[in-house]
1. How about region 29-48: which of its residues are among the polar types (S, T, N, Q) and either modelled with pLDDT under 95 or within 19 Å of SER60 (Cβ to Cβ) (or both)?
2. Would you mind stating whether LEU49 is touching a residue at least 40 places away in the same chain (Cβ under 8 Å), in contact with a helix residue (DSSP H, G or I) (Cβ under 7 Å, 6 or more places away or on another chain) and either surrounded by 17 or more Cβ atoms within 10 Å (Cβ to Cβ) or not aromatic (Phe, Trp, Tyr) (or both)?
3. Could you check how many residues of region 1-28 are in a helix (DSSP H, G or I), touching a residue at least 24 places away in the same chain (Cβ under 8 Å) and under 20 Å from ASP56 (Cβ atoms)?
4. Please go through region 38-60 and pick out each residue that is in contact with an Asp or Glu (Cβ under 9 Å, 6 or more places away or on another chain) and not in a strand (DSSP E or B).
Amino acid sequence: MTIYVGNLSFQASDEDVREVFGEYGDIQRVSLPVDRETGRMRGFAFVELADEASEDKAISELDGAEWLGRQLRVSKARPREANRSTASAGRSFATGDSFSRAGF
């Protein structure tokens, strides 16, 4: 299972997250997504601990806790949704639809 950590301070580092979640068990992975265009943190993280009981305890104790001036949202991570461009790639168009390539 993976833990989602939302409303994370933009100043939080990988080490900071490891320090907090390390109190609940052995950390397998920490991911702090970065915006592709700006290079800034996106304000959330994913954490995996060694066992589910440790993850459940971390979720119950840290959800709603204030850390680095922000109230954390901590929950089980949901599976990633399909990308919109991928989802529409297989879409078919009705006969008679026309598309102009003008301007390309």
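The values are calculated or read from the model by the stated rules, or taken from the named source; none is laboratory data. Here the structure is a predicted model, which means the values were calculated and not measured. For neighbour counting, all protein chains shown are included, and Cβ atoms are generated from backbone atoms with ideal geometry for every residue, glycine included.
1. THR38
2. So LEU49 fits the description; yes.
3. The total comes to 3.
4. Result: ARG42, ALA50, ASP51, SER54, GLU55, ALA58.
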